Amino acid sequence: TSTMSRVIGNINKYSAITPSCGTLVLIGGGNHMNMLRTVVQLAGGKEDIKICIICTAMEPRHVGAAFMMMKDSFESIGVKMDNIVSLHAADPSETLVEGFCDDIDSATLVWLDGGRQWRLSDSYLNTPVISALHRLLGRNGVIAGTSAGASWIASYLARGDSESNVPIVGDHIIGSGLVKNIAVDQHLLRRNRQFQMLEIVNKNPTLLGIGLDEATGLVIQNGRGIVIGSSYVVFYASQQYLKEMQQSPWHEVGGPFIFLNPGSVIDLQHRVILQKR
């Protein structure tokens, strides 16, 4: 444990609020086959797992094909075909149909696929789906999101513009809130996005910014984030945070972002690096 692990006070306005039980996995897009194996293990292993795949972030005409691709990927690592189902609503009114959330309620893993994250907000915010996702976590289930799906897990929706994925602040800025007080970007280094999260955190200074490179993820359990995969997860602090806090991991690196390797562990509530690889 390095000197970065000293605790910086109690839960405060800068604390990410994570679920009290269950597991979230945020994945930065790209080739995620190794991530799938990890996610399946976290959800109890391939024998007992029941997976609900949500491809709503995709362009509507591609939702079916995206589901079949993900289904094939899970089957290729040993998950039984009959244990994989799809859930999709093109309009929030569809979620009000009796039994719509049954597949989430019987799942051990929900997979949020990539695409455009604003579509997930349009379909599922303020609907029974959000409650069903919380219930899944409450029974120690797993919710994993890749690319757009990872961004949507946050309370602040990065790259939620319905016209283009270029602006990091778009016309949709509300995500699912499964983790509160964070914003998540993806494809980070692959698409040269590493500076853009600073726009969000400096406009919304209590947020913790999280940037995920491709084939890399963050496993969130018990208030901690564990970096997995092959590249970096980057954590961003606002200028206000840096001014108010006398000491923090960001002060030790001398800048507003910290790159963490796979195997590193961060306390998301206290913004403390517990283990640095």
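The values are calculated or read from the model by the stated rules, or taken from the named source; none is laboratory data. The shown structure was predicted, so the numbers you read here are calculated from the model rather than taken from an experiment. Every residue, glycine among them, receives a Cβ derived from its backbone with ideal geometry; neighbour counts consider all protein chains shown. Only protein heavy atoms, including side chains, enter the accessible area calculation; ligands, DNA and RNA are left aside. Shrake-Rupley method; radii C 1.70, N 1.55, O 1.52, S 1.80 Å.
If we only count strands (runs of 3 or more DSSP E) wholly inside the range 212-277, which ones have 1 or more residues that are closer than 25 Å to Val39 by Cα and open to solvent by 10 Å² or more (accessible area, probe 1.4 Å)?
Fully inside the range 212-277 and qualifying: 216-221, 224-229, 257-260, 265-267, 272-275.
Among (1) open to solvent by less than 50 Å² (accessible area, probe 1.4 Å); (2) under 20 Å from Trp152 (Cβ atoms), where does Ile77 come up short?
It fails just one condition, (2).
Just the residues that are open to solvent by 30 Å² or more (accessible area, probe 1.4 Å), over 14 Å from the mean Cα position of the chain (by Cα), small (Gly, Ala, Ser) and within 24 Å of Asn204 (Cα to Cα), please, taken from the range 125-181.
Correct list: Ser162, Ser164.
Looking only at the range 1-33, which residues are at pLDDT below 90, surrounded by 13 or more Cβ atoms within 10 Å (Cβ to Cβ) and not small (Gly, Ala, Ser)?
Met4, Arg6, Ile8, Asn12, His32
All but one of (1) assigned to a loop (DSSP other than H, G, I, E, B); (2) free of Cβ contacts under 8 Å to residues at least 40 places away in the same chain hold for Arg61, so report the exception by its number.
All conditions pass for Arg61, except number (1).
Cβ-Cβ distance below 8 Å, separation of 6 or more or different chains: which pairs start in the range 162-179 with a residue that is within 23 Å of Leu24 (Cβ to Cβ) and end on one that is open to solvent by less than 50 Å² (accessible area, probe 1.4 Å) and among the basic types (Lys, Arg)?
Partner pairs satisfying both residue conditions: Asn165/Arg116; Asn165/Arg159; Ile168/Arg159; Ile168/Arg193; Gly170/Arg159.
Any residue that is over 20 Å from the mean Cα position of the chain (by Cα), open to solvent by less than 30 Å² (accessible area, probe 1.4 Å) and of a type in the set (A, V, I, L, M, F, W, C) - is there at least one of those in the range 90-107?
yes
Give just the number: which of (1) open to solvent by less than 40 Å² (accessible area, probe 1.4 Å); (2) more than 25 Å from Asp185 (Cα to Cα) does Glu47 not satisfy?
(1)
Can you tell which of Phe67, Phe74 is in contact with a Cys (Cβ under 6 Å, 6 or more places away or on another chain), of a type in the set (Phe, Trp, Tyr) and in a helix (DSSP H, G or I)?
Phe67
Name, by its number, the condition in (1) within 29 Å of Asp91 (Cα to Cα); (2) part of a loop (DSSP other than H, G, I, E, B) that does not hold for Tyr14.
(1)
I need the full set of residues from the range 185-211 which are open to solvent by 40 Å² or more (accessible area, probe 1.4 Å) and basic (Lys, Arg), in order please.
Arg190, Arg191, Lys203
List, please: which pairs have Cβ atoms under 7 Å, are six or more places apart or on different chains, and start with a residue in the range 184-195 that is under 25 Å from Thr18 (Cα atoms) and end with one that is open to solvent by 60 Å² or more (accessible area, probe 1.4 Å)?
Asp185/Gln196
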